[in-house]
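Reviewing the structure listed below.
The values are calculated or read from the model by the stated rules, or taken from the named source; none is laboratory data. Please read all numbers here as calculations on a predicted model, not as lab measurements. Here the Cβ is made from the backbone with ideal geometry for all residues, glycine too, and neighbour counts use every protein chain on show.
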Amino acid sequence: MRLQDKVIIVTGAGSGIGEGIAKRLAQEGARIVVNDLQEAGGRRVTEEILTAGGLAKFIQADVTSNAAMASLVRETVSNWGRLDVMINNAGWTHRNQPLLDVTEEEFDKCYAVNVKSIYLSALHATPVFRQQGGGVFINIASTAGVRPRPGLTWYNGSKAAVIVTSKSMAAELGPDNIRVNCINPVFNPDTALSTEFAGGEINDERRAKFLSTIPLGRFSTALDVANAALYLASDEASFINGICIEVDGGRCV
């Protein structure tokens, strides 16, 4: 078991990539806090982990709320005595459209979910990590933050902010034995936000257009991202700090 007894929070774990990460890490012995804003999905994933023989607890929290993030970390430590890894997976995007058509409300939500949540997680998890003598942040960014394309301008910017912020956190928190790394997944047509990324229904034409940009000839899956998270969360990556792993089949080459 590569993560035996490590306590790990996965935000946005009620579906998609977060669900895949939570389940994969539970298979390796981690005690998973399944966080999601949507109770139904979060409880479903938690029950499925428990049924499979893993350890999990659902904690509902809005990652854009200071009080909610504080409660999420506090309840995790109260329940399992510690926190080893914080995986900031929760994300949101505006629809693929001209940049001037995105509303101020959509812009604010994009940055709140994608960027402010990392600030809040750092605010509340860092003191716990320091007290324990170390810890791990894993932030889920996107290839959009490395190779931006028209239509998702403000989302692209938010994910670029995640990447740079992660590197800066790594440099500042490294002396405290706190590692901070990033994962950049490429487009996955099976996630809840895929129609927003694509600007409409995932039809054959849109699918082919996205697929043509990936040298390995397939889309990313939740398991692909989960396996990268597994490595970064494990002691095998104890000297890996401030990097971004592109899980993209060569998209960013």
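Data overview
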{"read-out": "Pair list, Cβ under 6 Å, 6 or more apart: the stretch 74-97 residue in contact (Cβ under 8 Å) with a residue 60 or more places away in the chain, other residue in a loop (DSSP other than H, G, I, E, B) and hydroxyl-bearing (S, T, Y)", "value": "N88/T11; N89/T11; A90/T11"}
{"read-out": "Residue satisfying condition, being modelled with pLDDT of 95 or more and touching a Cys at 6+ places or on another chain (Cβ under 8 Å), within set W80, W92", "value": "W92"}
{"read-out": "Only listed residue being out of contact with any Cys (no Cβ under 8 Å at 6 or more places or on another chain) and either among the charged types (D, E, K, R) or surrounded by 15 or more Cβ atoms within 10 Å (Cβ to Cβ) (or both), chosen from G200, G217, G242", "value": "G242"}
{"read-out": "Which numbered condition E196 misses (of (1) in contact (Cβ under 8 Å) with a residue 12 or more places away in the chain; (2) in a loop (DSSP other than H, G, I, E, B))", "value": "(2)"}
{"read-out": "The listed residue being surrounded by 16 or more Cβ atoms within 10 Å (Cβ to Cβ), at pLDDT below 95 and touching a helix residue (DSSP H, G or I) at 6+ places or on another chain (Cβ under 8 Å), out of R206, R179", "value": "R206"}
{"read-out": "Residue list for the stretch 212-223, restricted to those being farther than 10 Å from R24 by Cβ and either under 14 Å from the mean Cα position of the chain (by Cα) or part of a helix (DSSP H, G or I) (or both)", "value": "T221"}
{"read-out": "Tally, over the stretch 140-158, of residues that are in a helix (DSSP H, G or I) and free of Cβ contacts under 8 Å to residues at least 60 places away in the same chain", "value": "6"}
